[in-house]
Structure formats: C-alpha cells, structure tokens
Amino acid sequence: MSADIDEAPAGLPPWMATFADLMALLMCFFVLLLSFSEMDVLKYKQVAGSMAQAFGVQNDVVADGIPKGTSVIAQEFSPGRPQPTVENVVQQQTVDSSQNSLQTGQSDYGQDSSALEVSEEAARQILVEKLQALQEQTLEDVKELEEALEEETQADLIDIESGFRSITIRIREKGSFESGSATINPDFVPVMSKLRDILGKIAGRIAVEGHTDDRPISTPLSPSNWYLSSQRALSVAHELLMDDIITDERMTVVGYADTKPFDSNETAEGRSRNRRVEIVIHQSLDEETSAELQELQGMDDDLLDTLQIDAGELEAVN
C-alpha cells in the first residue's frame, strides 16, 4: 500500500451519532402523534365502501340460514334487486347487504302490462259510474213526468217509457184525435199544456213521431197513412211550441205511417195501440263521454250489457 494514502480512522464517523439521535427523535414524535389521534370508524367504513363500489369489489354474504325470498318459485336469491336484461341472465347487485329479506326482480314488461290493465279497469269503472249517474238523472225526469201526468196514464191516454238517456211519451189515439183526423181534440189541449210546461224543464232533443196502423186510408183530409201520421205529429209539435217554452232548435217532426208498429196489426186492440204519436226525448252524451264509451265498447263487449244499454239506442243518443 502506498504511504501517501491516509488510512481511515477506526470506528464510526462522528456524524452518525447525531443522525441516529435525530431518527430516534422523529420516530418518537410520530408515535406520540398516532397515540394522540382518534379514528372515526364510521367515516372509515364509508370511505372504504365507496372505494369498494368504485373498483367493483364485492362483499361476501355469509349464509347463516335458509335463504328467504318473496316467491317460493324463484330459484335465485340476492339482497339486491335484479335488473331485467334482454337475455335470461341472472344479474344481481350485492352492494347493500343490510337488507333483512331478499327480493326477486320482475320484468318491466310485466309491470307495464299490469299497470295498463289496472289503468283500463280504472277508466272503465269511472265511465260506468258516470253513465250510471246520467241514467239516474233520466229516471228522475221520468219520475217527474209520471207525477205530473198520473191521471192521464191511469186513464190509458198516455204511456211513459224510459231507456238509456231517452224518454218516450206515447200519446194514444184514444182521447187525443178523432178517427182519421189530424186535429187535436179540445179536451186534450190541457194535457198538451202540461206536457209543454214539463218538457221545457227537461233537457234534450225532442222528436215528435206520428204512427198509424196498416189499414189504408184515403179521405179528402188524409189521402194516405203517411199524410195522416205526419199531420198528427205536426199538430202535436205546434201545441208544444206555443208560448215559446220550447225552442224550435230542439224539435224534429217525423211521420212513419205504419212502418214501425208498436203492436200486432192482427187485432183491433193492436191496431189501436199502433195509432199513436210519440214524443221522444233524446238526452245526448257529451263528446268526451261518448268517445270514451265508444273506445271501451270496442275492448269490452260486455260493457253495454252491464249498463243494460241497447246498441241501437246508443247510436240514437250519440
């Protein structure tokens, strides 16, 4: 070895003692900081849970007992709600493991179908209640007519019938017209005055319809059954339009001759019942109710039977 190179002194360098003391002091310092600190366990769990969800970490669910489900048919159980997929794949989420009971998913398509059925049934029920209320209103009008014309109905001069939103007042030939004549008997004029006052209070379109039996007629005043039925309907309409209680816009006049018999023309009694003038009150539905009824009628064939409504009568009301 060359004599020019100084040999290193024996032992550790002096600075190592200072460095070792400094490291020991730093370690003591951090130990004291840790001993003085307090850990928020709940916050730590929340942070840890957020990290687990973010990185897709799943929790192991310990099965301590028999799995519980809302359906005994279901084969898959999980504490989360399965999400529907296009394919028949069981796809479960196990993020929230604090649920006490397990749930099985139901397809959105099934839920939509059930919701649609419930909605249709609710709409049907609302419409039925609305139509029943309208029927009750018509029956109240019929009751008012029957009370006002009680004497005439008992004397078989007038018949009153009701249907769905329609009222028919049937004036028989007996007491109202002479045979083959279109002039109202003077004794029947007070009855027409009663009718005029009552019909002025009842809403609806008024159709005055004249009818005869099937026996042909040919007189200077009535050359045919068509003429006689039309003239009798006109006579009744003129009486109803007096005193401006009933407006012209509500009134229509029709003569049917013998085309719509009420009874058989084989007997004298039947022919007598066919010679009549009918005052038909049509109490129409509003546009919204009519549209709803037509829509549901196509989907529910039993709707009209439930309400005891004849299809032909429904067309007349609309």
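The values are calculated or read from the model by the stated rules, or taken from the named source; none is laboratory data. Keep in mind it's a predicted model, so treat the numbers as computed, not measured. Cβ atoms come from the backbone with ideal geometry, glycine included; neighbour counts cover every protein chain shown.
Taken together, 144, 161 contain a single residue that is surrounded by fewer than 16 Cβ atoms within 10 Å (Cβ to Cβ), without any contact (Cβ under 8 Å) to a residue 12 or more places away in the chain and outside any loop (DSSP other than H, G, I, E, B), which is 161. Screening the candidates 151, 209 for the property of being under 15 Å from residue 278 (Cβ atoms) and either outside the structural domain of residue 272 (by TED's automatic domain parsing) or at pLDDT 90 or above (or both) yields one hit, 209.
Within region 167-199, the residues that satisfy the criterion of being out of contact with any strand residue (DSSP E or B) (no Cβ under 8 Å at 6 or more places or on another chain), part of a loop (DSSP other than H, G, I, E, B) and within 19 Å of residue 150 (Cβ to Cβ) are 174, 175. Among the conditions (1) modelled with pLDDT under 90; (2) farther than 21 Å from residue 285 by Cβ; (3) of a type outside the set (D, E, K, R), residue 132 misses just one, which is (2).
What do you reckon, is residue 197 acidic (Asp, Glu), more than 12 Å from residue 278 (Cβ to Cβ), in contact (Cβ under 8 Å) with a residue 24 or more places away in the chain and surrounded by 17 or more Cβ atoms within 10 Å (Cβ to Cβ)?
no
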